[in-house]
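Take a look at the structure below.
The values are calculated or read from the model by the stated rules, or taken from the named source; none is laboratory data. Just so we're clear, the structure is a prediction, and the values are computed from it rather than from any experiment. Virtual Cβ from ideal backbone geometry, glycine too; neighbours counted across all protein chains shown. Accessible surface is based on the protein model in full, side chains and every heavy atom, while ligands, DNA and RNA are left aside. Shrake-Rupley method; radii C 1.70, N 1.55, O 1.52, S 1.80 Å.
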Amino acid sequence: SAVISQKPSRDICQRGTSLTIQCQVDSQVTMMFWYRQQPGQSLTLIATANQGSEATYESGFVIDKFPISRPNLTFSTLTVSNMSPEDSSIYLCSVAALAGSTDTQYFGPGTRLTVL
Amino acid sequence: AQSVAQPEDQVNVAEGNPLTVKCTYSVSGNPYLFWYVQYPNRGLQFLLKYITGDNLVKGSYGFEAEFNKSQTSFHLKKPSALVSDSALYFCAVRDGGGGFKTIFGAGTRLFVKA
């Protein structure tokens, strides 16, 4: 499995500001994803990060609020823009090495975001 | 549309006893099923998966799960629980008919008492 790191591990931010979360993988992966885990809840897929093209967003998530970059096969960023307290969550990066749907997804340690 | 249900918010077992964490699913195609565990302040760790083949799959840390197509279930089991197994467990499903979208259950918190 891949080793996934995220920066920052946690942050406390003010309302109206933006935070960029970085995800770094120790090997090249085909698929990268961003999830949100709100307090006491399950995981919700925000988007699939596509290398060299715009991310594919799930229903309820938009690029203006959650811009994503993926410049290469080992790195992606998620920005949470114009934050409000409702954005307080754990944000998780996930990867899969292969394009085939049988492949297992692996997760980073998460970024715990608190918005005041 | 695919969905997954974990009917128990919490499961309590005594150390040394067998444990079961329940999961049922709904997909239109062949189900690809996964179990993950989340320890406090950490990301999700992969435990096991069912794609095809033997209905009983074995995974990490002595866990296993049984795929039951007629009951659309994929319950997680362990013959003898450890206190260190206490964590949050997520069942997840993907439609094998295509795409990579994985749906996660709400999670079940497992408490193992010494």
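Assorted remarks:
- Globularity index of chain B is 1.02 (Cα radius of gyration / 2.2 N^0.38 Å, N = number of residues).
- The amide H of B:E8, built 1.01 Å from its N in the peptide plane, has B:K22 as neighbours under 5 Å, considering only residues 5 or more places off or on other chains.
- Across the protein assembly as shown: Cys residues that no other cysteine approaches within a C-beta distance under 4.7 Å: A:C13
- B:S3-A:T44 pseudo-label distance in nm [points 7 Å out on the Cα-to-Cβ vector]: 1.7
- Result for chain A in a Gaussian network model with C-alpha springs under 10 Å: among A:T44, A:T74, A:T104, the largest mean-square fluctuation is at A:T104.
- Residue-by-residue Karplus 3J(HN,Hα) for segment B:103-113, coefficients 6.51, -1.76, 1.60, Hz, glycine and proline x: 9, 9, x, 6, x, 10, 8, 9, 10, 10, 9
- Residues of segment B:95-111 that bury at least 40 Å² of accessible area when the other protein chains are present, relative to the chain alone (probe 1.4 Å, heavy atoms, ligands and nucleic acids excluded): B:F100, B:K101, B:F104.
- 20 Å Cα-Cα reach of B:K22 towards lysines, excluding residues that sit fewer than 8 places from it in its own chain: B:K49, B:K58, B:K69, B:K77, B:K78, B:K113
- Accessible area expressed per residue, segment B:5-57, with surrounding protein chains retained (probe 1.4 Å, Å²): 49
- With the simple model of a label 7 Å out from the Cα in the direction of the Cβ, A:R10 to B:N30 spans 4.3 nm.
- Buried area at the B:A interface is about 1700 square angstrom, summed over both chains, from accessible surfaces computed with a 1.4 angstrom probe.
- Averaged per residue, chain A has 46 square angstrom of accessible surface, using a 1.4 angstrom probe with ligands and nucleic acids left out.
- Förster-model FRET efficiency, 25 Å R0, B:E66 and B:N17, C-beta, rounded to 0.05: 0.90
- When you work out D = kT/(6 pi eta Rh) for segment A:6-46 at 20 °C and 1.002 mPa s, using the Kirkwood radius from C-alpha pairs as Rh and the Stokes-Einstein form, the result is 169 µm²/s.
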